[in-house]
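Quick note: the coordinates plus some simple rules give every number you see, no bench work behind them. The structure presented is a predicted model; accordingly, all values stated were derived computationally and were not measured. Here Cβ is always computed from backbone atoms with ideal geometry, including for glycine, and neighbour counts include all displayed protein chains.
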Amino acid sequence: MPATPPAPESSRLTVLAGPTAVGKGTVSADIRARYPDIWLSVSATTRQPRPGEVDGVHYLFVGPDRFADMVANSELLEWAVVHGRNSYGTPRGPVQEKLDAGVATLLEIDLQGARQVRATMPEARFVFLAPPSWEELERRLVGRGTEGPEERERRLATAKVEMAAASEFDHVIVNDDVQRAADELVSVMGLAPHPVAGR
Ligand SMILES: Nc1ncnc2c1ncn2[C@@H]1O[C@H](COP(=O)(O)OP(=O)(O)OP(=O)(O)O)[C@@H](O)[C@H]1O
Ligand SMILES: Nc1nc2c(ncn2[C@@H]2O[C@H](COP(=O)(O)O)[C@@H](O)[C@H]2O)c(=O)[nH]1
C-alpha cells in the first residue's frame with residue numbers, strides 16, 4: 001500500500017468570514033481567551049482604531065502609504081478594500097511561520113479575502129459565521145454603537161452580498177451563542193472543544 005502523503009501545512013489554516021456584526025471578532029476573542037493553542041492572525045488595516053482597540057493585538061493600524069508598501073512588497077497573503085472604505089490585509093510572514101510550526105491558525109477576514117485564500121491555499125478550511133436572523137444582525141450592528149447610520153448602511157449592503165455567498169463555504173456556523181459557536185468552530189478546525197466553565 002502506498003503511504004498516505006502528509007497533509008500540507010495549509011490544512012491547518014482556517015478562514016472565518018461572515019457579514020458585519022455577526023460576531024466574528026467576538027467569537028475570535030473567545031477562542032483567543034479559551035484556546036491558547038490556536039493562533040489568530042493580526043490583520044493590517046488603514047481603519048482608525050475604535051476605543052479599546054490595541055495596535056498589534058486587534059489590528060496593525062497602518063497609514064495608506066505603509067499599506068500600499070505592504071501590497072507592493074507582497075507582504076500580504078490577501079487583502080481587500082472592505083465596505084468600500086478601508087483596506088485590510090493578512091500579513092503573510094507570521095501566517096507562514098505558524099503553519100510551518102504546525103500551529104492551528106485562524107484568519108478572520110472578509111469574503112473577498114476568503115476567495116483569494118481559496119485560490120492560493122485550497123486545502124484550508126472555509127467557515128461562514130451566520131446570524132440567527134437578518135433582524136438580529138441589524139440589532140447587533142446598531143447595538144455595537146461603533147458606526148453612524150451612513151457607515152451602518154454601507155456595511156449592511158455588503159452584508160447582503162456576503163450572506164448570498166454562504167454556500168461557497170465548507171461549513172456554516174450560526175452564532176446564536178458565542179461560546180457554542182466558538183466550540184463548533186474549534187471542532188471544525190479538527191481540535192477537541194474544551195468543556196465550558198460554569199455550564
Ligand atoms: N452570539 C451573540 N449574541 C448576541 N450578541 C452578540 C453575539 N455575538 C456577538 N454579539 C455582539 O454583536 C456585536 C458585533 O460583534 P462583532 O464586533 O464581534 O462582529 P464582527 O462580525 O466582528 O463585525 P465586523 O465585521 O463589523 O467587524 C457586538 O456588540 C457583540 O457583542
Ligand atoms: N480581506 C480581509 N478582511 C479583513 C481583514 N481583517 C479584517 N477584515 C474584515 O474587515 C471587515 C471590517 O472589519 P472592522 O474591524 O472594521 O469591523 C470585517 O468583515 C473583517 O472580517 C483582513 O486581513 N483581510
Among G145, V42, A17, pick out the residue whose Cα is farthest towards the positive end of the charge dipole of the chain, where Lys and Arg carry +1 and Asp and Glu carry -1 on C-beta, about the Cα centre. G145
Burial-style ranking of 134-145, 51-62, average other-beta-carbon count within 10 Å with highest first, yields 134-145, 51-62
Could you pull out every residue, at least 5 positions away or on a different chain, whose amide H is within less than 5 Å of the one on F126? Hs are placed 1.01 Å off N in the peptide plane, and Pro or chain starts have none. V15, D170, H171
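For R118 and R47, compute 0.36 nm times the residue count separating them, minus their Cα-Cα distance, and round to one decimal in nm.
23.1 nm
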Dipole of the chain, Cα-centred, from +1 at each Lys and Arg C-beta and -1 at each Asp and Glu C-beta, to the nearest 20 debye? 180
Looking at segment 1-154, what % of its DSSP beta bridges pair antiparallel, to the nearest 5? 40
So how far apart, in nm, are the two label points at W134 and E153 if each is 7 Å from Cα heading toward Cβ? 1.7
With only helices counted (DSSP H, runs n ≥ 4, each -39500 (n - 2.57)), the per-residue ellipticity at 222 nm for the chain, to the nearest 500, works out to -11500 deg cm²/dmol
Across segment 149-199, what fraction of all alpha-carbon pairs, as a whole percent, falls in each successive 5 Å bin from zero upward? 4, 16, 17, 18, 17, 12, 10, 6, 0
Alpha carbon centre of segment 20-71 versus segment 75-140: separation in Å? 11
What whole-number volume per residue, in cubic angstrom, does the convex hull of the C-alpha atoms of the chain give? 142
Dipole of the chain, positive end: most advanced residue of M70, A157, M121 [Cβ charges, Cα centre]: A157
Nearest 0.05, what FRET efficiency do A68 and A3 give at R0 = 35 Å with Cβ-Cβ as r? 0.15
